[in-house]
């Protein structure tokens, strides 16, 4: 193994380790080094389809973008997507292995550890630096024996660890101390530094606490990162708790996203908030819908169950009422399926609900089949070209009089010729399987201008430009904050020392 390595682990989920990894990846790119992110196992419903149709977690996608390289499933060989309270869909090397119980997955872990080890070794031969990320907390003491995600992965990589602690959750010093002291001594020794993340206020207020936690643990605090206003995708559903629920009244358009119990790929709507006339908020209750200009029903891992939830909580009646008064309705993936007449799952592919009436706003019917569609697609909508990706189990059939949403012209790099989605007769209800549709600024501006026209507002020009350029400015902004507030020189020293030690051990 030739590459240097460093691993970010967290005191809890959503501590910010994904962002710290992205910042360091960007730092190495700026220094002209070949760097790759790596997370052996993700558990998230926010996923992405690569150029060759393989599925991976979104955190390693934005880390790859920060590193200036194309996303590859080698960066995230195992992806877990919760299906029920007891079963999980297991995706290995981008391919769906089906749903497994917790015990079934535990039995698979030994094989996966070997697979992950092999993939990691391949990466170290191709890059100068590998920036690893753990999952959740390394102090899950009931999982240590078969772990290949946190300290187990650090052992495989023989990588030093930086612990990221989220002060915004409260109890930051207890979480640092407890995480370190619950670990076996050999793993405590791997932790070479701590970063306190999401701090608001005067850092001098932390100085005495930092001194005490360093004395108690013997681990230096390498920096205190402020709560940073950077627009980068969130991977963890915990981040939904921070999403805005109140309209920004300075904006012309009020867009509300319905928060489903099994919501997936809510990152689809981050780019909408980039438009200067758009306020994006999230509703967990029909009373929070208000009178928006656009309601979005997002993707979900369990469409029939979430559709049943919408009905039980009276979202269906509220959405129909809003549509009747002129609100535009948009469904993505599972949300598109819900807008149809029926969801039919006779073989219990997605759930035990064999048939469920849809919201009946689009004349389409969805039939579930035991083959998962994972495509990165290019399409045309009118004269505009758009890109997106598909992740779904169902096949949706339209009535003869239904206008399609898009014409798919390429999937996974190969020519294609079929239609996607549906638009109702008055153009106020639309549905598509294309995740990332709002990442196409030109089409999005055209769609937003239709809503503006309905409200009696004049059209706006597209001022967003390239989404790629916007993301690059955000990665640079995050990295600047990282360099300013974290002792990067110390991190490099830690990496160099670990690399030198590995070379010495390999020559013995």
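By average Cβ neighbour count within 10 Å, what is the ranking of 329-340, 33-44 from highest down?
Descending packing order for the listed peptides: 329-340, 33-44.
Taking the chain as the reference, fit the longest principal axis to its C-alpha atoms, fit the long axis of helix 17-30 to the helix C-alpha atoms, and give the angle between the two in degrees, 0 to 90, nearest 10.
80
From the Cα trace of region 416-486, what convex hull volume per residue do you get, rounded to a whole Å³?
Considering the Cα atoms of region 416-486, their hull volume per residue is 161 Å³.
Sorted from largest down, what three extents in whole angstroms do the Cα atoms of region 1-157 have along their principal axes?
45, 34, 28
What does the convex hull of the Cα atoms come to per residue for region 50-129, in Å³?
95
Before anything else, pin down the relative contact order of region 1-152: Cα pairs under 8 Å, at least 6 apart, normalised by residue count, whole percent.
Relative contact order, region 1-152: 35 percent.
Using Cα pairs closer than 8 Å and at least 6 residues apart in sequence, work out the relative contact order for the chain, in percent.
That works out to 14 percent.
Find the percent of Cα-Cα distances in the chain that exceed 43 Å, and round it to a whole number.
18
How long are the three semi-axes of the equivalent ellipsoid for region 253-456, computed from the Cα gyration tensor as the root of 5 times each eigenvalue, in whole Å, largest first?
In descending order the semi-axes read 23, 22, 15 Å.
Based on the mean of other Cβ atoms within 10 Å per residue, sort peptides 186-193, 202-209 so the most packed one is first.
Peptide ranking by packing, descending: 186-193, 202-209.
Tell me the angle of helix 58-67 to the major Cα principal axis of the chain, expressed in degrees between 0 and 90 and rounded to the nearest ten.
The angle comes out at about 60 degrees.
Calculate how many DSSP beta bridges within the chain are antiparallel, expressed in % of all such bridges and rounded to the nearest 5.
Taking every DSSP beta bridge within the chain, about 50 percent pair in antiparallel fashion.
Using only Cα atoms, tell me the angle between helix 441-454 and the longest principal axis of the chain; keep it within 0 to 90° and round to the nearest 10.
Tilt of helix 441-454: around 40 degrees.
Looking at region 253-456, what % of its DSSP beta bridges pair antiparallel, to the nearest 5?
Roughly 60 percent of the beta bridges in region 253-456 run antiparallel, per DSSP.
Could you tell me the convex hull volume per residue, in Å³, taken over the Cα atoms of region 338-435?
Normalising the Cα hull of region 338-435 by residue number yields 97 Å³.
Counting alpha carbon pairs within less than 8 Å and at least 6 residues apart, what relative contact order, in whole percent, applies to region 1-58?
Relative contact order comes out at 17 percent.
Can you tell me the equivalent ellipsoid semi-axes for region 117-201? Use √(5λ) from the Cα gyration tensor, largest first, whole Å.
Values for region 117-201, descending: 25, 16, 10 Å.
Would you compute, from DSSP H runs of 4+ residues alone, the mean residue ellipticity of the chain at 222 nm, taking -39500 (n - 2.57) per run and dividing by the full residue count, rounded to the nearest 500?
Taken over the chain, the calculation gives -10000 deg cm²/dmol.
Order 195-201, 361-367 from most to least packed using the mean count of other Cβ atoms within 10 Å.
361-367, 195-201
Calculate the spin-label point distance for residue 346 paired with residue 107, positioning each point 7 Å from the Cα along the beta-carbon direction, and give it in nanometres.
Placing both labels 7 Å along Cα→Cβ, they lie 3.2 nm apart.
Each reported figure results from applying straightforward, stated rules to the coordinates on display, with no laboratory input. In this text, all values refer to a predicted model and were calculated from it rather than measured experimentally. We place every Cβ from the backbone using ideal geometry, glycine too, and count neighbours over all the protein chains shown.
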